[in-house]
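Take a look at the structure set out below.
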Amino acid sequence: MGGTIKKRTLGKSGLDITEISLGLWPIGGEGWGQVEDAESLKTIDAALELGVNFYDTADVYGFGHSEKILGKAMKGRRDKFIVATKIGWIGFDHEKQSSAYTTVDKVVEVVELALKHLQTDYVDLIQSHINFRDKTMETMIEGFQKLQQDGKVRAYGVSTSNFEYLQQFNADGKCASLQIDHSILNRTSEAEIFPYCMENNIGVLVRGPLAMGILTGKLTPDWEFPDGDFRQAWQKDPERHKIFLEDLKKVEKLRPLAKGKTMGQLALLFSIAHPAVTASIPGAKTVQQLEQNVAAAHLPALTEEEWRVIDSLSPSGGGRKIWPA
């Protein structure tokens with residue numbers, strides 16, 4: 001695996017990040033089945049050696065555990081990492097559609113806890129992880145701006161798939177980034193959200209580029225997900241199971257395109273192709289998974305024929321997803 005991973009500037013943040021980066025939800029040890037901390041640390045080390053400079057985590061990933069693992073990995077070499085984390089899900093009341101972030105002090109307190117986990121005095125990007133319009137949005141933004149002024153965060157953004165929420169979050173034009181689910185199987189963001197981001201200089205971080213593993217081509221209709229893996233719901237819930245099976249049929253039609261690359265690499269090449277996208281942040285639990293993901297950054301762009309097949313299966317502006325809601 002040779003060459004340098006291309007870097008792109010993340011919106012108005014000024015941060016130059018690698019177009020294939022690393023999402024750290026899986027290493028939190030919650031939601032994706034068993035994970036070993038030693039392997040997680042090896043995976044982050046390998047990512048650094050392969051040229052990856054951007055690492056995305058969140059307070060809810062293992063309730064701080066993912067942040068702590070990243071903190072251990074960064075010890076003594078903080079300058080080599082561009083770090084993003086997210087706050088918001090913890091303390092959110094889904095029935096009342098409201099959160100615990102009722103004061104600026106609360107926002108600052110929670111971010112400072114993240115800094116403690118990460119063993120650093122600043123994060124490069126802080127993101128709101130609340131996907132719904134709620135009464136505390138303005139407080140969250142005010143808190144982020146205070147943290148920015150105090151040098152504890154360099155830029156801030158939002159993680160959501162809701163266009164209205166994004167527009168409201170960017171009402172003052174200062175939102176630097178959007179993290180959003182986007183893949184061959186879910187192209188809904190291409191209709192309105194991506195053009196809006198390009199017009200407003202909002203960098204896009206693509207989460208779910210492998211469709212939670214579906215686009216790797218490894219899953220089968222009777223796949224048994226391990227204990228502790230949230231994807232067990234795809235087999236147990238009738239509606240999700242139906243969509244899962246439909247998605248697997250699409251993947252089979254994509255399989256002939258995997259010549260000289262893996263199915264996962266095909267999906268990652270798709271995810272970084274849109275001009276609105278700054279970086280794709282696939283997760284990885286092992287060094288092997290990471291190496292396959294990063295290798296996509298060194299492959300040729302998709303051909304017109306590959307785009308024709310992809311567009312026939314999943315038109316721009318369309319798509320469904322079965323997790324998260």
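The values are calculated or read from the model by the stated rules, or taken from the named source; none is laboratory data. All of these numbers come straight from a predicted model, not from anything done at the bench. FYI the Cβ positions are ideal-geometry reconstructions off the backbone, even for glycines, and counts take in every protein chain you see. When the accessible area is computed, the model is the full protein with side chains, heavy atoms only, and any ligands, DNA or RNA have been set aside. Shrake-Rupley method; radii C 1.70, N 1.55, O 1.52, S 1.80 Å.
Structure above, values below:
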{"item": "Ratio of the Cα radius of gyration of the chain to 2.2 N^0.38 Å, where N counts its residues", "result": "0.95"}
{"item": "Rounded percent of accessible protein surface that carbon and sulfur make up, the stretch 196-325, 1.4 Å probe", "result": "54 percent"}
{"item": "Added length on full extension, which subtracts the Cα-Cα distance from 0.36 nm per residue, Thr286 to Lys249", "result": "10.6 nm"}
{"item": "Equivalent ellipsoid, the stretch 113-230 (semi-axes from 5 times Cα gyration tensor eigenvalues, Å)", "result": "29, 20, 13"}
{"item": "Alpha-carbon centroids, the stretch 18-84 and the stretch 214-275: separation in whole Å", "result": "23 Å"}
{"item": "Simple spin-label estimate for Glu192 and Glu109 in nanometres, 7 Å along Cα-Cβ", "result": "3.6 nm"}
{"item": "Spacing of the two label points (7 Å from each Cα toward its C-beta) at Glu199 and Ser316, in nm", "result": "1.6 nm"}
{"item": "Accessible area in square angstrom per residue, the chain, 1.4 angstrom probe", "result": "43 Å²"}
{"item": "Ellipticity estimate at 222 nm from DSSP helix runs (n ≥ 4, -39,500 (n - 2.57)) divided over the chain, nearest 500", "result": "-10500 deg cm²/dmol"}
{"item": "Share of pairwise Cα separations in the stretch 221-325, more than 22 Å, in percent", "result": "41 percent"}
{"item": "Portion, in percent, of the accessible area of the stretch 22-66 that falls on carbon or sulfur, probe 1.4 Å", "result": "54 percent"}
{"item": "Among 157-168, 233-244, the order from most to least packed when residues are scored by Cβ within 10 Å on average", "result": "157-168, 233-244"}
{"item": "Subset of Lys152/Lys285; Lys12/Lys72; Lys80/Lys152; Lys106/Lys152 violating a 23 Å alpha-carbon distance limit", "result": "Lys152/Lys285; Lys12/Lys72"}
